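Student: Below you will find the structure I want to go over with you.
The values are calculated or read from the model by the stated rules, or taken from the named source; none is laboratory data. Remember, predicted model here, so these are calculated numbers, not experimental data. Note that each Cβ is placed from the backbone with ideal geometry, even for glycine, and that neighbours are counted across all protein chains shown.
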Amino acid sequence: MNATHALYADKTAHYYSGARYDIVADLPANTNAAVLELGCGDGSTGALTFAANKAAYYCGIELNPDAAALARLRLTDVIEGDIATLDLGAHAARYDVLIASEVLEHLIDPWEALTKLVACLKPGGLVLASSPNIAHWRVVTQLIHGRFDHSESGVMDRSHLRWFTPQSYAALFDAAGLEVVRMGPITPPATRTRWLNAVTRARFSHLFMTQIYLIARKPLVS
């Protein structure tokens, strides 16, 4: 077992399950779409995509063998392995949508991985991605008190190798040659947060965003 695999040795099956209803809701209404998902887990999001009639072909990439085995029962295809070492040349310009939900922060080199994945998108293809926000006020409060406590899941998941603020997350996609068309929180802000954002002209909105949600597009012409 290498160091990367060891980070996930104690994760339960629940860690790899759960459909992303918010992401599926934002998928284009294209019954013929080909979708590629990095870190597909047990295939729950893909299964929901098929149920919503928003894809004809769905390929997942998954590191965990047990999760990959379950995903094969739900998806068109599953590529088992580490994105850092996989050869995706045969998948070039094949997909309409790339999904990367809560996964890029787990990679040693998310910049290289995203560049490799973007090559799998057709011109004009979409990327729907999310990641924990290290600039959230709870993390800032920890740092003020000299703490940086890890946990089994969430923003401070001990298997996270990279950390992003909304600004640096957007820069990751920009560096991969994508145009960011939307970025914000996964869940709508509470009334108090909306009021604070209005008063401060959203200068401190990053403090109240637990998870970053981003939609980007591959240019039609490179």
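Student: Looking for whichever is farther than 21 Å from LYS116 by Cβ, in a helix (DSSP H, G or I) and without any contact (Cβ under 8 Å) to a residue 12 or more places away in the chain here; the options are ARG194, ARG147. Which one fits?
Tutor: Just one listed residue meets the conditions, ARG194.
Student: Can you tell me which of LEU86, LEU117 is out of contact with any Phe, Trp or Tyr (no Cβ under 8 Å at 6 or more places or on another chain), at pLDDT 95 or above and either surrounded by fewer than 19 Cβ atoms within 10 Å (Cβ to Cβ) or within 18 Å of PRO185 (Cβ to Cβ) (or both)?
Tutor: LEU86
Student: Here are THR76, THR49, THR45, THR31: which of them is touching a helix residue (DSSP H, G or I) at 6+ places or on another chain (Cβ under 6 Å), closer than 24 Å to LYS218 by Cα and β-branched (Val, Ile, Thr)?
Tutor: THR49
Student: Tell me, yes or no, whether segment 85-101 has at least one residue that is more than 25 Å from VAL221 (Cβ to Cβ) and touching a residue at least 60 places away in the same chain (Cβ under 8 Å).
Tutor: yes
Student: I'm told LYS54 meets every condition in (1) in contact with a Lys or Arg (Cβ under 9 Å, 6 or more places away or on another chain); (2) crowded, with 21+ Cβ neighbours inside 10 Å except one. Can you identify the failing condition by its number?
Tutor: Here LYS54 meets the rest and fails (1).
Student: List the number of the failed condition for ALA129; all other conditions in (1) closer than 22 Å to ALA175 by Cβ; (2) touching a His at 6+ places or on another chain (Cβ under 6 Å) hold.
Tutor: So the condition that ALA129 fails would be (2).
Student: Can you tell me which residue within segment 23-51, out of those that are of a type in the set (Asp, Glu) and surrounded by 24 or more Cβ atoms within 10 Å (Cβ to Cβ), is farthest from TRP111 (Cα to Cα)?
Tutor: Among those residues, the one meeting the criterion is ASP42.
Student: Next up: Does at least one position in segment 104-111 carry a residue that is farther than 30 Å from TYR57 by Cβ, of a type in the set (Val, Ile, Thr) and at pLDDT below 95?
Tutor: No, every residue in segment 104-111 fails to be farther than 30 Å from TYR57 by Cβ, of a type in the set (Val, Ile, Thr) and at pLDDT below 95.
Student: I've got another one for you. What tally of residues in segment 156-173 results from selecting those that are in a loop (DSSP other than H, G, I, E, B) and at pLDDT 90 or above? So that I can check it myself, show each step before the final result.
Tutor: Taking segment 156-173 as the starting set, the residues that turn out to be in a loop (DSSP other than H, G, I, E, B) are 156, 158-163, 165.
So of that shortlist, the ones also at pLDDT 90 or above come out as 162-163, 165.
Adding up the residues that qualify gives 3.
Student: Now, a different point. Could you say which residue among THR45, THR85 is of a type in the set (Ser, Thr, Tyr), out of contact with any His (no Cβ under 7 Å at 6 or more places or on another chain), assigned to a loop (DSSP other than H, G, I, E, B) and more than 18 Å from LEU121 (Cα to Cα)?
Tutor: Result of the check over THR45, THR85: THR85.
Student: Quick check on my filter: what residues within segment 89-107 are part of a loop (DSSP other than H, G, I, E, B) and surrounded by 20 or more Cβ atoms within 10 Å (Cβ to Cβ)?
Tutor: GLU102, VAL103, LEU107
Student: Quick one: SER153 ticks every box in (1) over 18 Å from the mean Cα position of the chain (by Cα); (2) of a type outside the set (A, V, I, L, M); (3) part of a loop (DSSP other than H, G, I, E, B); (4) surrounded by 13 or more Cβ atoms within 10 Å (Cβ to Cβ) bar one, so which box is it?
Tutor: (1)
Student: Can you find, within segment 173-201, the residue that is farthest from the chain's Cα centre (by Cα) among those that are more than 23 Å from GLU102 (Cβ to Cβ) and surrounded by fewer than 11 Cβ atoms within 10 Å (Cβ to Cβ)? Explain how you work it out, then say what you get.
Tutor: Within segment 173-201, the first condition is being more than 23 Å from GLU102 (Cβ to Cβ), and the residues that meet it are 191-192, 194-201.
Cutting the leftovers down to surrounded by fewer than 11 Cβ atoms within 10 Å (Cβ to Cβ) gives us 191-192, 198-199, 201.
Numbers: THR191: 27, ARG192: 27, ALA198: 28, VAL199: 31, ARG201: 28 Å.
By that ranking, first place goes to VAL199.
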